[in-house]
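All remarks here apply to the structure that follows.
The values are calculated or read from the model by the stated rules, or taken from the named source; none is laboratory data. Note that this is a predicted model, so its numbers are computed, not measured. Counting neighbours? That spans all protein chains shown, and the Cβs are built from the backbone with ideal geometry, glycine included.
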Amino acid sequence: MKTIKIAGVPEHFNLPWQLAIENNEFIDQGIDLEWTHVPEGTGKLCEMLRKNETDLAVILTEGIIKDILAGNPSKIIQVYVKSPLIWGIHVAANSKFQSITDLKDTRIAISRRGSGSELMAYVNAHNYNWPTENLQCEIVNTIEGAVEALTNEKADYFMWERYMTKPLVDKGIFRRLGDCLTPWPSFVIVATDDLIEKQPEIIERVLKIINVKTSGFKESTNIKETLANRFRQKKEDIEQWISRTEWSQEPIAEEVLNNIQNQLLELAIIDKKGTFATLALV
């Protein structure tokens, strides 16, 4: 049996992987799929791909495009979540800031350089016509680090997936001032060039299994209760999240990838475009 390493954030988007692993759906097809939770997010996942610490990753689209263009030896093999990611824009509960416009020229907490929390700060700044040359970033690693940074005024705001952050809003730790949506499909599945070269048939089998799982995920028995319990969320929040989330079973289209790069270029997140073959499995 072949062992394949995969990594992703410990969030509700990735529950289909967890359930498939728990149900031995990969084992039944001769694949020992070892999942690693990476709460630090996309920046850490990019680092793991570069170091061959994982073979596959479920990762934010904008982050991996930027890192592949910077030399990460990996390729996008499929879109995983085609709907936008809803980033909540949060401040400490007792913060003086009352609206998103108040946040111009303030300090943003980010998990790490190259993370979605950093890159989406550029998207949000662009939405409000703020200058982005000198965004002030405080690296906090995880959502727990963000709580500490905002509570102790080391940073002023923090962008993270709205529904995963909602329990902190409900507890009165954060206040959400608004949302910022990614203007592209939110998550992709990525494989290292080494895995693509040596075991392409394994990739096909993994994708076949997870695509069956995601295509019927919303209709799974008691799935809303399972999500609410596992991620300590209110059922009404899960219902809202799942109604706004669409998984994909398709490879990324060349036109879509080109359009994403054009937007990243306009936002100065990347300084050059790559070919389709550079970024995606052809």
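Among what's in region 23-32 and is part of a loop (DSSP other than H, G, I, E, B) and touching a residue at least 12 places away in the same chain (Cβ under 8 Å), pick the residue that is surrounded by the most Cβ atoms within 10 Å (Cβ to Cβ). Steps first, answer last, please.
From region 23-32, those part of a loop (DSSP other than H, G, I, E, B) are 23-26, 30; that's our starting set.
Now drop any that are not touching a residue at least 12 places away in the same chain (Cβ under 8 Å), which leaves 25-26, 30.
On the way: Glu25: 17, Phe26: 22, Gly30: 10.
Result: Phe26.
Tell me, which residue of region 252-268 that is among the charged types (D, E, K, R) and over 23 Å from Ala121 (Cβ atoms) is surrounded by the most Cβ atoms within 10 Å (Cβ to Cβ)?
Filtering region 252-268 for residues among the charged types (D, E, K, R) gives 254-255, 266.
Those left that are additionally over 23 Å from Ala121 (Cβ atoms): 254-255.
On the way: Glu254: 14, Glu255: 9.
The selected residue is Glu254.
I'd like the residue in region 14-44 that is farther than 26 Å from Ala146 by Cα and hydrophobic (A, V, I, L, M, F, W, C) and, out of all such residues, is nearest to the chain's Cα centre (by Cα).
Checked region 14-44; the qualifying residue nearest to the chain's Cα centre (by Cα) is Trp17.
Select, from Ile173, Ile209, the only residue that is under 24 Å from Ile21 (Cβ atoms) and touching a residue at least 24 places away in the same chain (Cβ under 8 Å). Quick ask: steps written out before the conclusion?
Details: Ile173 fails: under 24 Å from Ile21 (Cβ atoms).
Every option except Ile209 fails the conditions.
Would you check which residues across region 94-119 are closer than 18 Å to Ala70 by Cβ and of a type in the set (A, V, I, L, M) and list them?
Correct list: Ile110, Leu119.
Within the bounds of region 218-238, is there any residue that is within 20 Å of Thr61 (Cβ to Cβ), of a type in the set (A, V, I, L, M, F, W, C) and in the same structural domain as Ala191 (by TED's automatic domain parsing)? Step through it out loud before you land on a result.
Initially, region 218-238 is screened for residues within 20 Å of Thr61 (Cβ to Cβ), giving none.
Checked region 218-238: no residue is within 20 Å of Thr61 (Cβ to Cβ), of a type in the set (A, V, I, L, M, F, W, C) and in the same structural domain as Ala191 (by TED's automatic domain parsing).
Residues Ile64, Ile108, Ile68: which one is over 14 Å from the mean Cα position of the chain (by Cα), outside the structural domain of Ile143 (by TED's automatic domain parsing) and at pLDDT 95 or above? It would help to see each step written out before you state the result.
On the way: Ile64 fails: over 14 Å from the mean Cα position of the chain (by Cα); Ile108 fails: outside the structural domain of Ile143 (by TED's automatic domain parsing).
Selected residue: Ile68, the only one of Ile64, Ile108, Ile68 that is over 14 Å from the mean Cα position of the chain (by Cα), outside the structural domain of Ile143 (by TED's automatic domain parsing) and at pLDDT 95 or above.
Residue check: is Ser186 small (Gly, Ala, Ser), at pLDDT below 95 and under 20 Å from Ile76 (Cα atoms)? Spell out how you get there, then give the answer.
On the way: small (Gly, Ala, Ser): yes; at pLDDT below 95: no; under 20 Å from Ile76 (Cα atoms): yes.
Against the criterion (small (Gly, Ala, Ser), at pLDDT below 95 and under 20 Å from Ile76 (Cα atoms)), Ser186 does not qualify.
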